[in-house]
Amino acid sequence: MNTSKFFLPGWVIGEFVGTFLLVFFGCGCVAAATLLGAQVGVFQVAIVWGLGIALAIHLTGSLSGAHLNPAVTMALAAWGGFPWRRCPGYIAAQLLGAFTASAVLYIIYAGSLTAFESAHGIIRGTSGSEASAMIFGEYFPNPGGRPLPTIGPAIITQPAAFFAEVVGTAVLVFAILGVTDERNKMKAGGLAPLVIGLTITLLISLLGPLTMACFNPARDFAPRLFSALAGWGSVPFTANGLGWLTVYIIAPLVGGQLGGWLYVQFLKPAYARATG
């Protein structure tokens, strides 16, 4: 008997599943901390993000290389020999994985969201409801479960937030390329996912209080879009003006290119000399 089965390419599964896990653990931790006070301090949120990313990379690295981030995919295309023609498919899988994780988290935390908004007088979809929308998309300064207007004088301006996200993403991509370089005598090997996850933990600990530490356009845009469709309306795209675009999409893409360029200019030739 002849039967045909439909199989998705491994890279599609890898990028979808990996980004799903990244958002599920990361945004899930933000939801638990914001809505239920489950974590205390930025480090506890950061370490969950880091370990979640380490798990996602470990599970999907052999399938797709575990990019899980358009900024990483674009940096690898520009500086690491990854085929440009495969970028759209990778990014689409990343966005779909992040969006699906957002929907799953919304179902899980629906009751907690309603209770949180009721307790704090938040009307979803109106100004100030970024206090609850922050469990999906990101805002600057970090709302910490409060409406942005109540935080007081600007802790960080939009240009400074842009710069922070550029630097953070550059450091992340620089570290990823260095950790995985075959010529690096200290190459982490099987520990690479953990090292990359801990890099994320360090960056979130440093920049999370300011910008919520994005470094990943798929992680921000897909959950942000989901929140807009789930009742927050225009708030996710207006609370920071055009910051959703400049700080959380353009800045990580710029930072990824900067990190790749720095790696090619400094680490890559240095590793080659050290092994030559």
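The values are calculated or read from the model by the stated rules, or taken from the named source; none is laboratory data. Source: prediction; values computed, not measured. Every residue, glycine among them, receives a Cβ derived from its backbone with ideal geometry; neighbour counts consider all protein chains shown. With ligands, DNA and RNA removed, areas are computed over all heavy atoms of the protein, side chains included. Shrake-Rupley method; radii C 1.70, N 1.55, O 1.52, S 1.80 Å.
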Please name all residue pairs, on different chains or six or more residues apart, with Cβ atoms under 8 Å, provided the first residue is in the stretch 55-68 and is closer than 17 Å to Arg86 by Cβ and the second residue is part of a loop (DSSP other than H, G, I, E, B).
-> Thr60/Ala66; Thr60/Leu68; Gly65/Phe82; Leu68/Asn216
Subset of the stretch 233-262 [among the hydroxyl-bearing types (Ser, Thr, Tyr) and open to solvent by 20 Å² or more (accessible area, probe 1.4 Å)] | Ser234, Thr238, Thr246
Tell me, which residue of the stretch 83-131 that is within 22 Å of Leu8 (Cα to Cα) and free of Cβ contacts under 8 Å to residues at least 12 places away in the same chain is most open to solvent (accessible area, probe 1.4 Å)?
-> Arg85
Matching entry among Ala272, Ala230, Ala213 (being open to solvent by less than 30 Å² (accessible area, probe 1.4 Å) and either part of a helix (DSSP H, G or I) or farther than 30 Å from Glu130 by Cβ (or both)) | Ala230
Before we move on, is Ala192 open to solvent by less than 60 Å² (accessible area, probe 1.4 Å), free of Cβ contacts under 8 Å to residues at least 40 places away in the same chain and either of a type in the set (A, V, I, L, M, F, W, C) or within 24 Å of Gly137 (Cβ to Cβ) (or both)?
-> no
